[in-house]
1. For SER197, what is the net charge nearby, where nearby means another residue's Cβ is under 12 Å from its Cβ and Lys, Arg count +1, Asp, Glu -1?
2. Using per-residue counts of other Cβ atoms within 10 Å, averaged over each peptide, order 4-11, 220-227, 52-59 from highest down.
3. Protein chains only, probe 1.4 Å: how do ASP152, ASP3 rank by accessible area, largest first?
4. Percent of accessible area on the chain owned by carbon and sulfur, 1.4 Å probe?
5. Can you tell me the accessible area per residue over the chain, all protein chains present, probe 1.4 angstrom, in square angstrom?
6. Ranking request for peptides 31-44, 228-241: highest mean number of other beta-carbon atoms within 10 Å first, then the rest in descending order.
7. If the reach is capped at under 24 angstrom between alpha carbons, list the lysines near LYS119, excluding any in the same chain fewer than eight residues apart.
8. Applying the Karplus parametrisation 6.51 cos²θ - 1.76 cosθ + 1.60 with θ = phi - 60° to the phi angles of the range 210-223, what ³J(HN,Hα) value in whole Hz is obtained for each residue in order, glycine and proline being reported as x?
Amino acid sequence: MMDKTNIGWLNGFIGVAIFAGSLPATRIAVMGFSPEFLTTARAAIAGSIALICLFILQQSKPTFAQFKSLVIVALGVVIGFPLFTALALQTVSSAHAIVFVGLLPLSTAIFAVLRGGEKPATQFWLFALIGSAIVVGFMFYENRNLSFSVGDLYMLASIVVCGLGYAEGGKLSRELGGWQVICWALVVALPLMLISSLYYLPSSFANIHWPETIGLIYVSLFSMLIGFIFWYKGLALGGIAKVGQIQLVQPFIGLMLSAVLLGEHVSFAMIVVCFAVVICVALAKRFA
């Protein structure tokens, strides 16, 4: 039988594999839907399902302290990350955006310390910082004028808020359970997201085709709900900083999906960056 840590790693990997399809699916969806509608609609759909699940399974209401944490989770992963990535993917390819995921483990680890009380060793931070530096270097390599594009800035913002939402949700999952955390966070945001989705509802669906619709369905059900059930359980069982490093397999899966589904060019530099960062994370894992 697997111990608690290994079960945490397994759940974390399943969650990351599901999340890997998020950026390609978002890239497809924003070809037909506005970023504002996509952000609010995915949360409204997932939130409605979450509310039904909580009602049917008769889950007790969170305490006031837990509710405050749920607001942070909702701002980070229900609203912030989906909105910033949708805005970014209007101007950058999903293959380019996926490389930024290399910064997520560092962001998650920082908030694991600030919000989760974890204390990784000094060596862990060394390798985590080296991996992040490689990603930043790639961004400058892609932008020869040594400046950030608007899409890059949106992606950086998404990484910060996502790391906060991951760490806060992982900490809270120790008390509420993994699926309960994401369901309650979605319910907290549901009134605002439902009203906003109606406000941003497209005036016509005539030019929206089935690929965009499938993209919306994927980010609503899998990226927004199912993936988090596994992810938060993994963080709670295996440790936020340690399991958070699994996110470095996400660029590999995401780049393959971008190439297969979108026909996007995956440059040699992107592949090198992904390999280099994964090596850094493998070394950091030993000291997590």
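1. Local charge sum for SER197: 0.
2. Ranked from most to least packed, the peptides come out as 220-227, 4-11, 52-59.
3. The ordering from most to least exposed comes out as ASP3, ASP152.
4. Roughly 71 percent, rounded to a whole number.
5. Ligands and nucleic acids excluded, the result is 44 Å² per residue.
6. Going from most to least packed, we get 228-241, 31-44.
7. Candidates past the 8-residue exclusion: LYS4, LYS68, LYS171, LYS233, LYS242, LYS285.
8. Result, ordered by residue: 5, x, 5, 5, 5, x, 4, 5, 5, 5, 6, 8, 8, 5 Hz.
The values are calculated or read from the model by the stated rules, or taken from the named source; none is laboratory data. All values reported here derive from a predicted model rather than from experimental measurement. Cβ atoms come from the backbone with ideal geometry, glycine included; neighbour counts cover every protein chain shown. Only protein heavy atoms, including side chains, enter the accessible area calculation; ligands, DNA and RNA are left aside. Shrake-Rupley method; radii C 1.70, N 1.55, O 1.52, S 1.80 Å.
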